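Shown next, in structure tokens, is the structure this report addresses.
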Amino acid sequence: MKNDLKNDMKNNLKYDLETGNADVIAGLKADLRPVRSESDIAGLVPLVRAIWREVFPPIIGEAQTEYMLEHYQSAESIGREIAGGARYFRVERGGAPIGYLAYEIREDWLFVSKVYLAAAERGKGISSELFAYLERQAEKAGKDRLHLHVNRRNEQAIAVYRHRGFEVAQAVVTDIGGGFAMDDYHMEKALGSEL
């Protein structure tokens with residue numbers, strides 16, 4: 001039954017981004033709207049800031065949250081990531097933004113850069129849809145695993161990733177300037193791993 005649901009989710013998502021021209025990728029519980037233009041990015045930034053300011057201050061503090069928003073999730077930094085090959089999407093339900101997703105196809109894997117949902121949207125199975133989409137994109141790109149970074153104190157996200165079949169590959173501390181460091185787990189999931 002679980003595999004049937006997983007296959008249904010994969011089949012109901014429109015995986016037509018090969019041309020990069022899809023306006024919306026329709027899902028069962030949420031839709032993905034590609035973020036491409038400066039106006040798309042400008043529309044995404046308030047959502048990014050709201051989600052980060054809710055999620056991260058208890059984990060990394062307000063000062064580091066604001067530093068990272070300015071240096072890693074500003075309109076300029078998101079624009080640079082997109083220009084460098086990252087694919088950003090606004091997650092929507094009924095046309096209303098409820099989160100965002102970003103990934104990059106790298107040499108050895110699909111790198112899951114961002115999977116964030118507004119607090120009211122968590123626990124509804126949306127992240128399962130998003131990960132099914134990411135797995136399909138990895139398969140299409142000929143990659144056999146997903147890779148992501150998560151703060152070691154972000155217990156809620158780690159629990160979600162473990163539930164999705166991710167395992168800790170290594171712990172890494174990275175100096176990001178401004179007197180701050182990212183204290184992360186690098187986690188991986190081999191594709192074909194069953195839940």
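The values are calculated or read from the model by the stated rules, or taken from the named source; none is laboratory data. All values derive from a computational prediction rather than experimental measurement. Don't worry about glycine lacking a Cβ; one is built from the backbone with ideal geometry, like all the others, and counts go over all protein chains shown.
For region 157-185, enumerate the residues that are within 16 Å of the chain's Cα centre (by Cα) and surrounded by fewer than 13 Cβ atoms within 10 Å (Cβ to Cβ).
Taking region 157-185 first, the residues within 16 Å of the chain's Cα centre (by Cα) are 157-166, 184-185.
Within region 157-185, ALA159, HIS163 meet the criteria.
The rows are residues; the columns are (1) among the hydrophobic types (A, V, I, L, M, F, W, C); (2) closer than 15 Å to LEU191 by Cα; (3) at pLDDT below 95; (4) in contact with a strand residue (DSSP E or B) (Cβ under 9 Å, 6 or more places away or on another chain).
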site	(1), (2), (3), (4)
TYR88	no, no, no, yes
GLY95	no, no, yes, yes
ASP108	no, yes, yes, yes
PHE111	yes, yes, no, yes
LYS143	no, yes, no, yes
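Out of region 104-120, which residues are of a type in the set (Lys, Arg) and either in contact (Cβ under 8 Å) with a residue 40 or more places away in the chain or surrounded by fewer than 14 Cβ atoms within 10 Å (Cβ to Cβ) (or both)?
Within region 104-120, just ARG106 meets the criteria.
Those residues that are over 13 Å from VAL112 (Cα atoms) and touching a strand residue (DSSP E or B) at 6+ places or on another chain (Cβ under 8 Å), I need them from region 145-156; list them, please.
ASN151, ARG152, ARG153
What are the residues in region 121-165 that are in contact (Cβ under 8 Å) with a residue 60 or more places away in the chain and either of a type in the set (A, V, I, L, M, F, W, C) or in contact with a Cys (Cβ under 7 Å, 6 or more places away or on another chain) (or both), if any?
ILE126, LEU130, ALA132, listed by residue number.
In region 135-154, what count of residues is obtained for those that are surrounded by 15 or more Cβ atoms within 10 Å (Cβ to Cβ) and either aliphatic (A, V, I, L, M) or over 15 Å from VAL55 (Cβ atoms) (or both)?
11
From the list VAL173, VAL168, VAL115, which one is at pLDDT 95 or above, touching a His at 6+ places or on another chain (Cβ under 9 Å) and closer than 24 Å to GLN64 by Cβ?
Sole residue among the options that is at pLDDT 95 or above, touching a His at 6+ places or on another chain (Cβ under 9 Å) and closer than 24 Å to GLN64 by Cβ: VAL168.
Determine which single condition ILE60 fails, assuming it passes every other condition in (1) closer than 24 Å to SER128 by Cβ; (2) buried (at least 18 other Cβ atoms within 10 Å of the Cβ).
If we test ILE60 against (1) closer than 24 Å to SER128 by Cβ; (2) buried (at least 18 other Cβ atoms within 10 Å of the Cβ), just (1) comes out false.
Tell me, which strands (runs of 3 or more DSSP E) wholly within region 37-133 include 3 or more residues that are hydrophobic (A, V, I, L, M, F, W, C)? Don't jump to the end; show me each part of the working.
On the way: elements: 87-93, 96-105, 110-117.
Here the list reads 96-105, 110-117.
For region 80-96, which positions are within 16 Å of the chain's Cα centre (by Cα) and free of Cβ contacts under 8 Å to residues at least 60 places away in the same chain? Don't jump to the end; show me each part of the working.
At the first step, the residues of region 80-96 found to be within 16 Å of the chain's Cα centre (by Cα) are 81-82, 85-92.
Residues satisfying the conditions are GLU81, ILE82, GLY85, ALA86, TYR88, ARG90.
Within region 45-62, which residues are without any contact (Cβ under 8 Å) to a residue 40 or more places away in the chain and over 16 Å from the mean Cα position of the chain (by Cα)?
Those that are without any contact (Cβ under 8 Å) to a residue 40 or more places away in the chain and over 16 Å from the mean Cα position of the chain (by Cα): PRO46, ARG53, PRO57, PRO58, GLY61, GLU62.
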